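> Structure provided below as structure tokens; questions to follow.
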Amino acid sequence: MRGRVPNPAAQIAKGNPGKRLTKAQKILAEANECAEALAPSIVAGLTVAPPKLLERFPAAMRFWKEYAPALEKMRSLQPADAPRFAMLCMAYGQWVEAIRHLRDEGCVHSVKTVSGDKMKRLSPWVAIEKLRFDQCQELFEQFGFGAMDRAKLMRDRAALPPGAWSAGGEHDSPDKDRPDRPAQNSPVGSMDLLDSAPPGAAVN
């Protein structure tokens, strides 16, 4: 049996004596909260900014700050990749948390049965650790964290037409003013980004 049909106009006229949010206000509040969490957090030295959501998770934010600069240089992290990389940072942070729990509490703990006896049960952190580990492994491959993954990304980029990898602009031809360097969308050019000066050499 259906109740009375809601009358928004009557609700607005009556006010809000119970101080409860209306359905529209709840939707708006949730949208604002989501927008705030996904808004970029300005971090010095980073071109691709992490979402503010990561500020609540120190391990995830540390992962972003540590690896984002190198991924940007290899062109594996661009603004459009920020949400997916944030997922990787979150998965890694939760994996670290699971590892800490397992280190401090062990993989097995005792629980009391209905009869009052105790039995050994696998810690729920074991399943969490495995889930986050698998998620990290999948996302690591997409961003080229492993040597084989980087080689695959370089091979895939080399097969693309010029300028197809990025969304356009100055990043299309990062080496156009430096003909002496191989293009970064080639395996040789991408590996060149990892070069460092020999010991004792002057840095330009």
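The values are calculated or read from the model by the stated rules, or taken from the named source; none is laboratory data. If you're wondering where the values come from, they're calculated on a predicted model, not measured in any experiment. Backbone-built Cβ (ideal geometry, glycine too); neighbour counts: all protein chains shown.
> In this structure, does M154 turn out to be of a type in the set (A, V, I, L, M), within 24 Å of S76 (Cα to Cα) and at pLDDT 85 or above?
Taking the combined requirement at face value, the residue does not satisfy it.
> Just name the residue that is nearest to K152 (Cα to Cα) out of those in region 39-85 that are modelled with pLDDT of 85 or more and among the polar types (S, T, N, Q).
The residue in question is S76.
> Do you know which residues across region 22-33 are modelled with pLDDT of 70 or more and either closer than 23 Å to A91 by Cβ or not small (G, A, S) (or both)?
K23, K26, I27, L28
> Across region 120-166, what is the total count of residues that are under 25 Å from R100 (Cβ atoms) and hydrophobic (A, V, I, L, M, F, W, C)?
12
> Report whether or not A60 is in a helix (DSSP H, G or I), in contact with a strand residue (DSSP E or B) (Cβ under 8 Å, 6 or more places away or on another chain) and crowded, with 17+ Cβ neighbours inside 10 Å.
Considered against the rule, which asks whether it is in a helix (DSSP H, G or I), in contact with a strand residue (DSSP E or B) (Cβ under 8 Å, 6 or more places away or on another chain) and crowded, with 17+ Cβ neighbours inside 10 Å, A60 comes out as no.
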